[in-house]
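Novice: Dumping the structure here so I can ask a few things about it.
Computed from the coordinates by the stated procedures, all read-outs in this text should not be read as laboratory data. Not measured: the values here are computed from a predicted model. Ideal geometry is used to build each Cβ from the backbone, glycine not excepted, and the neighbour counts take in all protein chains shown.
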Amino acid sequence: MTKTKRNLTALAILATIGLLGAIPAAAQTTVEVTASWTPPTEGSPVHHYILQLSTDGGPFTTVGSVTGTSYVLDLEVGQTYVARVAGVDDDARQGPFSEDSDPYSPDVGPPGQPGKPIIM
């Protein structure tokens with residue numbers, strides 16, 4: 001039996017008898033955030049919006065077509081994002097893009113609460 005197999009077997013035995021604490025989960029790499037905006041006050045009624053994101057100063061790319069005034073995004077930790085949005089009317093005419101959002105860098109926050117210790 002190789003050393004790796006022995007170590008894995010030992011971990012499995014310890015976990016089975018409750019002597020091994022929880023193995024830490026992988027670090028969280030994405031954060032769910034909501035982008036929201038107000039509708040335009042001029043021009044034709046908006047049928048839907050085009051939402052675009054720029055990542056780390058790169059070009060804007062379309063994230064989606066949105067019928068409401070908010071959209072849930074999964075953003076990667078360690079990147080900086082800027083969003084913009086434009087309205088499209090029933091005749092498929094697109095209005096101008098909004099001003100760019102302030103830059104946003106997702107943060108997962110501090111570590112969560114660990115599991116309850118077991119004393120044997």
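Novice: Please rank I119, I50, fewest neighbouring Cβ atoms within 10 Å first, as an exposure proxy.
Specialist: Lowest count first: I119, I50.
Novice: Quick one: Y49, Y104, fewest Cβ neighbours within 10 Å first, how do they rank?
Specialist: Ranked by crowding around the Cβ, least crowded first: Y104, Y49.
Novice: Please arrange L73, L51 by counting, for each residue, the other beta carbons lying within 10 Å of its beta carbon, fewest first.
Specialist: Ascending number of Cβ neighbours within 10 Å: L73, L51.
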